[in-house]
1. Take the residues in region 90-111 that are at pLDDT below 90 and not in a helix (DSSP H, G or I), then tell me which one is surrounded by the fewest Cβ atoms within 10 Å (Cβ to Cβ).
2. Quick one: would you say ASP61 is under 20 Å from TYR15 (Cα atoms), surrounded by fewer than 14 Cβ atoms within 10 Å (Cβ to Cβ) and of a type outside the set (A, V, I, L, M, F, W, C)?
3. Among (1) under 11 Å from the mean Cα position of the chain (by Cα); (2) over 19 Å from GLU99 (Cβ atoms); (3) at pLDDT 90 or above, there is one condition LEU67 misses while meeting the rest; what is its number?
4. Could you tell me how many of the residues in region 1-59 are of a type in the set (Lys, Arg) and under 14 Å from the mean Cα position of the chain (by Cα)?
5. Output the number of the condition that GLY79 fails; it satisfies all remaining conditions of (1) modelled with pLDDT under 90; (2) in contact with a strand residue (DSSP E or B) (Cβ under 9 Å, 6 or more places away or on another chain).
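The values are calculated or read from the model by the stated rules, or taken from the named source; none is laboratory data. Quantities reported herein were computed from a predicted structural model and do not represent experimental measurements. Quick reminder, even Gly has a Cβ in these numbers, built from the backbone with ideal geometry, and neighbours come from all protein chains shown.
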Amino acid sequence: MREVTRRILERGGHYVEESASPARALEMLRAGRFELLLTDVVMPQMNGKELADQARQIEPDLTVLFLSGYAGGILAGHGIGDESLFFLRKPFQARDLLERVRALVERRRGR
């Protein structure tokens, strides 16, 4: 899924750096500036909310888009609302991902 998401975003004109683990994502954030973090909600090692919290300690204004195929109850248990602009349910269509990413990047840039 990570590779498919990367390809969709790159074809949509976005620059993407991909990480196979939350720890690596945090290393990447320490090394550079990013406009958006896409993370799954349920992952090994730490969940997406924990990753987002740690990422925002590095980059306080970082926008995070959570992805998940799980239902609302599991998401709420991770502190994430599934009706949010900052959430996209899997499986998703390429255009839905691109529209959501565009909206979040524009929101971040104040457009």
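1. GLY110
2. yes
3. Condition not satisfied by LEU67: (2).
4. 4
5. The number of the failed condition is (2).
To keep it simple, each residue is scored yes or no on (1) loosely packed, with under 15 Cβ neighbours inside 10 Å; (2) aromatic (Phe, Trp, Tyr); (3) under 20 Å from PHE92 (Cα atoms); (4) touching a residue at least 12 places away in the same chain (Cβ under 8 Å).
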| residue | (1), (2), (3), (4) |
| --- | --- |
| PRO22 | no, no, no, yes |
| GLU27 | yes, no, no, no |
| GLU35 | no, no, no, yes |
| VAL41 | no, no, yes, yes |
| GLU50 | no, no, no, yes |
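For (1) within 14 Å of PHE86 (Cα to Cα); (2) among the acidic types (Asp, Glu); (3) outside any loop (DSSP other than H, G, I, E, B), each residue gets a yes or a no:
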| site | (1), (2), (3) |
| --- | --- |
| GLU10 | no, yes, yes |
| TYR15 | no, no, no |
| ALA25 | no, no, yes |
| LEU29 | no, no, yes |
| LYS49 | yes, no, yes |
| ALA52 | yes, no, yes |
| VAL64 | yes, no, yes |
